[in-house]
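Bear in mind that the values in this text are calculations on the coordinates, not laboratory data. Predicted, not measured: the structure shown is a model, and the values here were computed from it. Every residue, glycine among them, receives a Cβ derived from its backbone with ideal geometry; neighbour counts consider all protein chains shown.
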Amino acid sequence: MTSIASLDQLTTLTLIIIPGSSIMEGTGSISNQYIRTHILYINVESDQRPSHDPESISTDTGFSAIISILSNHRIICQGLSINIHQQYCSTDFVLHFFNVLTSLHLMDDEDDGFLDWENLVALRLRMPWEEDFFSSDPESLQIPRDGLAALSRLVYLTALELEDLGTCRIDDDALRSLAIGLPYLEHLFLGTRPFWEEPPKATLWGISHILHHCSHLEILGLLFCCILGHHSIESTHINTTISTLHVGFSPPYNSFTMAAFFAHALPNLDTIIVEPRESHSKYANSRTDLTLADRDIRIQEWYRILQLTKEFDD
């Protein structure tokens, strides 16, 4: 068998973890590999067996298998993309994974380190859900306000995509800390795919922190409230590169404040995108009808705010 290390022109490598397979039970037993690739994809398949099945996989196995792969092999990659179903996810599992992921290199010496952190510029974590396994308990899916702090160790990141995370509790101070720690970000997505009932804690001032400390930002998606507190529009920072803003389920209100903020801080903004329709299908039919109607209203209101923004520009 050809060694992965011999594939020096490798551009993408996909590792698929299948429930019930030996890789789930003991990834450390795989012979040590020196992996060099532009993008490393790790996909943890869902376990189709019901939870009461004695052969089903424990929910704490998914991230453990990923950590085992990453910690037992010398890896150099520019992008790390992880796809792990929500049946393996909870706040505790996600936070533990972030902490271990960003500290593995500290446990090895310089020659045998985990990832070459100066080469890692993109991290994406997707957590797709399946109807049989989706948990509607926000406590099990929402990360705390300081839940992203560990990721600041990945100082060279230019892309951080965490669209499926529950980030309603991330506030302005947490966004400021993240932006200071990751100043080279060009793409940032935080929690914009799911629909949640819990209102977001971040405000427009948090967006201003990101625009200030991440001066190269080109694409932005996050949850926020449409308020600025005691701060003035003129004191917010400006980004002339962003033309599309992903707002997830962020509730639109304070139309004139929002339009003034966009006209000042994001003068080239021309598109606002809410959460995808399919994120509502995780709810019961009657509930889905209500949430989708709310989604349609929000789309109309965001469009109206964009129109007002153009008037401020004029």
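List of remarks:
- The relative contact order of the range 227-281 comes to 48 percent, based on Cα pairs under 8 Å that sit 6 or more residues apart.
- Rounded FRET efficiency, nearest 0.05, which uses the C-beta distance separating residue 303 from residue 257 and R0 of 22 Å: 0.85
- Amide N proximity, the range 239-256 versus residue 218 label position 7 Å along Cα-to-Cβ, cut-off under 18 Å: 239-246
- Sequence ranges 83-91, 193-201, ranked by mean other-Cβ count within 10 angstrom, highest first: 83-91, 193-201
- For residue 39, the residues 5 or more places off, or on other chains, whose built amide H falls under 5 Å of its own are 12, 13, 78, 79.
- Amide proton proximity set for residue 246, modelled H, under 5 Å, gap of 5+: 220, 221, 222, 273
- The modelled label-to-label distance for the pair residue 39/residue 235, using points 7 Å beyond Cα in the direction of Cβ, is 4.2 nm.
- Residue by residue, the range 77-82 carries 3J(HN,Hα) couplings of 8, 8, x, 10, 10, 10 Hz when phi is fed to the Karplus relation 6.51 cos²θ - 1.76 cosθ + 1.60 (θ = phi - 60°); x denotes Gly or Pro.
- Across the range 120-126, coupling constants 3J(HN,Hα) worked out from phi with the 6.51/-1.76/1.60 Karplus curve, θ = phi - 60°, read 6, 10, 9, 10, 10, 10, 10 Hz, and Gly and Pro carry x.
- 5 angstrom amide H check on residue 82, placed H, neighbours 5+ away: 42, 124, 125, 126
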